[in-house]
1. For the range A:304-406, what mean projected area does the convex hull of the alpha carbons give, in nm²?
2. Top mean-square fluctuation among B:130, B:218, B:111, Gaussian network model of chain B, C-alpha springs under 10 Å?
3. At 24 Å minimum axial length over the Cα atoms and a Kyte-Doolittle cut of -1.0, report the qualifying DSSP H helices in chain A, or say none.
4. For A:237, B:226, what's the fewest-to-most ordering of other Cβ within 10 Å of each Cβ?
5. Can you pull the mean other chain C-beta count within 10 Å for peptide A:315-325?
6. Would you kindly work out the equivalent ellipsoid of the range B:3-237 from its C-alpha gyration tensor and give its semi-axes, the square roots of five times the eigenvalues, largest first in whole Å?
7. Working out 0.36 nm times the residue gap between residue A:206 and residue A:249, then minus their Cα-Cα distance, what length gain in nm do you get to one decimal?
8. Which percentage, to the nearest 5, of the DSSP beta bridges contained in the protein assembly as shown is antiparallel?
Amino acid sequence: MNPWPIVRAFLVRHRWAALAFVFLVAAGVSLAVALVSQERALRTGSARAADRFDLIVAAPGSQTDVLLTTVFLRPGTTKLLPPEVTARLLNDKRAAFVAPIGFGDSHRGAPIVGTTSQLVIHLSNELQEGRVFARREEAVVGAASPMKVGETFQPMHGIPRDGNPEEDTDPHEHGAMITVVGRMKPTGSPWDSAIMMPVELVWQLHSLPDGHEEGNEAVGPPFDPARTPGVPAAVVRPATIAAAYQLRNAYTTNESMAFFPAEALTRLYSVMGDLRQLMSLLAIVTQALVLMAIVMGVLLLFRFLVPQLITLRALGAPRLFIAAIAWGFTATLVLAGVGLGLVAGYGLSYGVSQWLAADTGVELTPTLALSEYLIAASILATGWILALLPAYVVQRRSLAISLAES
Amino acid sequence: MNPHEAEVGLSVFQLGVSFYDATGDRFNALSGITAQFKPGQITAIVGPSGSGKTTLLHCIAGILVPSSGEIRHGGVIVSSLGESARDAWRRHNCGMVFQDFRLIDELTVLENVTTPALFGHYRVPSILRERGSTLIRDFGLLERSVPTSRLSRGERQRVALARALLMDPAIILADEPTASLDRANAASVAETLEGLAGQGKAVVCVTHDDLLVSRAHEVISLKAGRIGPPAVDPFLGLRAGDRA
Ligand SMILES: Nc1ncnc2c1ncn2[C@@H]1O[C@H](COP(=O)(O)OP(=O)(O)OP(=O)(O)O)[C@@H](O)[C@H]1O
Ligand SMILES: [Mg+2]
């Protein structure tokens, strides 16, 4: 007993109806799969981007805002740390290094970040090309920057929206001519498309004290406490784990806040937990829709199938054979739909990731993990169980009545 | 009825079939049918349209369960078997040709003819496949790889015949097997059925076809669900009224 030749003939002859059914199932499965896969990609992608920022110190306020401006380089206004706190922080001996961050300039839409070479080396884990900046008119670009080592440019004040300088309220070029001397390795964060320069130059261009004695053109630490301006944030690399907690406590005051980005992200995700629940609700709804589509589709397709099944029984086919054909037909379609849905779901997740990455600079690598396979498997299992229903009904009907009716 | 005779062949005894319509009114499609369908003989069932010929054939096949009376085959009371057992009995003993052919339109000619082989085998055995090809050729058909929905009526009728013969059944139940055929093809089908009877098979044909009736060893004439007077008068031939 082998129902497959007949199932196959049916699928081939009614291919358009069958294909429509498969696409319907695939659409539902891919949505559910993409939703779950994308959610995880976002979570791991943002965690990876924040991974090397050990501790951030900024003026008291929203950790999320600071996270967005510092790690994800989203334009935004942050209050400055008072100069005394900055000065104390920059010379704190419990840290392996403290890197002040200065924002506000750009070149051709790419943000310029003023910082120290220590942070550049730390984030990039050694450079991909060239060397770190050693003088004020030198810069290191992110891995994804179109600029080449050796290229020169003039930084622009302000960060144009959508990379269009015309829209900026007060676009003007600073006088300085900067040379690119190195390129970072990919970090998976928006820093990949940024330009890193000595923070001293940013301060200087903004007519602030530049952290060193007047006339001293040095870059990087040690900074002169008397000539340190306030900064929007500083990235701290604690010397030890114990120091990490000491530093966090020391700078959690009325004047400053200190936090671990990883922890802030976790808190952000738990806030987004509601969103996740909404997404899983959506996933369940799409799955329910898929199953309804299966039932409807099967009912429609069985209009073609039933007369032939009756013929087979009239010829003496065992009922199990009839049930096997009916089940095999639906089961094959569901299997094809779920398989296609998994592939399409990954494709969809990949597409959304590409689009989000282009928009935010956060590298997202969507994967299909156990939960997606479980979703697909549960739809498959439910579909296969539902397919038993028409199979059971078809073989159970009285042959005399069916034959008279078809 | 001679019990010994009943053991050997196929017979129906006091068969009655009633249908009930939506208002619950009873309609007797067949009543009091007693007949024997002996191996080695062609039995023709004749009668006007609606007289119950197809109903009788389906009863014999175990597709319909009679409301009264019984159907016996070699010691088996077919009419009291359960539905699955009747399916199995039909599968092993009957070759069916339906009035509306009931081919599986999605399948090709050869696939249709070899369908009954799938019921008991994982794959159509090559010997049955060859037998199918031979039958197709014998009925003057081409083994074309097109769905049978594309074939002409007469071609489809012959495919249905070939399918009925594939498993070499002991009983052949054919509903109007020559209705859609030209004289030459009808004659060849009649010859084939005669040959099968010659091999000892019980051949039962519902027919309006004089050619087939003339070759029958036995003629059962139905009229409004009852067996009427003998349809064949040795001097006058087939009665015009029974030809419908
Ligand atoms: N399932 C059924 N339900 C109700 N009435 C039925 C059913 N099957 C057959 N009948 C009735 O029984 C009678 C006999 O039908 P049957 O099909 O046996 O006729 P027939 O002799 O084969 O006619 P034809 O020569 O037109 O094929 C008809 O009046 C038909 O309407
Ligand atoms: Mg009929």
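1. 8.1
2. Largest GNM mean-square fluctuation: B:130.
3. Flagged H segments are A:15-50, A:273-314, A:319-360, A:370-396.
4. Listing A:237, B:226 from fewest to most nearby Cβ atoms yields B:226, A:237.
5. 6
6. With the √(5λ) rule applied to the range B:3-237, the semi-axes are 28, 21, 18 Å.
7. 12.3 nm
8. Around 65 percent antiparallel, to the nearest 5.
Computed from the coordinates by the stated procedures, all read-outs in this text should not be read as laboratory data. The structure presented is a predicted model; accordingly, all values stated were derived computationally and were not measured. Quick reminder, even Gly has a Cβ in these numbers, built from the backbone with ideal geometry, and neighbours come from all protein chains shown.
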